[in-house]
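Written below as structure tokens is the structure these notes are about.
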Amino acid sequence: MIYELNHVGGRVRDLEASLAFYGGLGAEVVDRLFMSGSRVHRVHIQLATGLVELLHHEEPDPEASYGLNHVGFMTDDLDGDYARLIALGYAELSSPRVAGSGQGRLAFLADPNGVRVELLQRSEEFRVPPITSGAVRALSYVGLAAPDVDAAAEFYGTHLGMEQVADDTFRLGVDAVKLLPSATTTIDHLALTGTGHTTQDPDGNHITFP
């Protein structure tokens with residue numbers, strides 16, 4: 001069963017610049033490791049209750065794109081949930097395998113609008129009690145592109161088991177996604193509750209305080 005929206009994540013150009021930016025919003029590093037096989041630094045930061053995964057590759061790649069590019073969900077039955085979603089016709093991106101970190105197993109598929117969705121099964125829990133320092137009081141939602149809102153609502157609501165808390169917003173655990181019919185990117189922005197203003201992180205991700 002899929003039981004938690006665990007994180008939003010993506011690739012960053014300059015890890016220290018990203019950490020400085022999010023640290024200025026009150027984020028704290030809750031997990032950090034180096035995956036020697038792929039030579040990738042993985043850092044989980046927490047904003048209030050929400051986890052953001054930053055991935056920095058030591059080897060530069062001129063073809064790589066940067067910014068938030070996936071949402072990760074926890075499951076207690078990776079193989080079963082992945083097989084069920086693929087059987088429903090959702091696109092397979094990476095079948096279940098041992099994570100590069102060695103921490104459990106993972107798989108990737110695409111939602112109906114092409115957003116990358118990661119399924120995770122592991123015993124580690126990186127989330128800490130809510131962080132109350134800094135400008136952010138909550139990660140309100142992750143804004144996802146949804147040219148086909150109805151198909152996305154079926155995917156996240158019916159098939160991932162998220163609770164619909166508004167016409168376009170679905171929650172599982174403490175965090176939520178919001179479906180954006182006019183969006184032109186797969187992950188449009190992070191919406192944070194707190195004292196602040198719309199800005200951009202070092203990789204061009206939009207950060208809003210609605």
Convex hull (Cα only) mean projected area of segment 82-129, reported in nm² to one decimal
4.2 nm²
Going fewest to most other Cβ atoms within 10 Å around each Cβ, Leu192, Leu68 line up as Leu192, Leu68
So if I place +1 on the C-beta of Lys and Arg and -1 on the C-beta of Asp and Glu, and nothing else carries charge, what would the dipole magnitude of the chain be about its Cα centre? I want it in debye, nearest 20.
340 debye
In what sequence do Phe108, Phe34 fall when counting other Cβ within 10 Å, fewest first?
Phe34, Phe108
Once label points are set 7 Å from the Cα along Cα→Cβ at both Asp167 and Thr193, what is their separation, rounded to one decimal in nm?
2.1 nm
If you take the alpha carbon radius of gyration of segment 136-208 and divide it by 2.2 N^0.38 Å, what ratio comes out, to two decimals?
1.11
Order of Ile187, Ile207 - criterion: other Cβ atoms within 10 Å of each residue's Cβ, fewest first
Ile207, Ile187
Express the Stokes-Einstein translational diffusion coefficient of the chain in µm² s⁻¹, to the nearest whole number, given a Kirkwood radius over alpha-carbon pairs, 4 °C and a viscosity of 1.567 mPa s.
75 µm²/s
Find, to one decimal place in angstroms, the Kirkwood hydrodynamic radius of segment 2-121, where the mean of 1/r is taken over every pair of different Cα atoms and then inverted.
15.2 Å
Using alpha-carbon pairs under 8 Å, 6+ residues apart, how would you state the relative contact order of segment 136-208 in percent?
40 percent
Where does the chain land at 222 nm, in deg cm²/dmol rounded to the nearest 500, when only DSSP H runs of n ≥ 4 count, each adding -39500 (n - 2.57), divided by all residues?
-3500 deg cm²/dmol
For segment 2-121, what is the relative contact order in percent, using Cα pairs closer than 8 Å and at least 6 residues apart in sequence?
27 percent
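Since every read-out is calculated from the coordinates, none of them should be taken as a lab result. Being a predicted model, the structure only gives us computed values, none of them experimental. Using ideal geometry, Cβ is built from the backbone for each residue, glycine included, and neighbour counts are taken over all protein chains shown.
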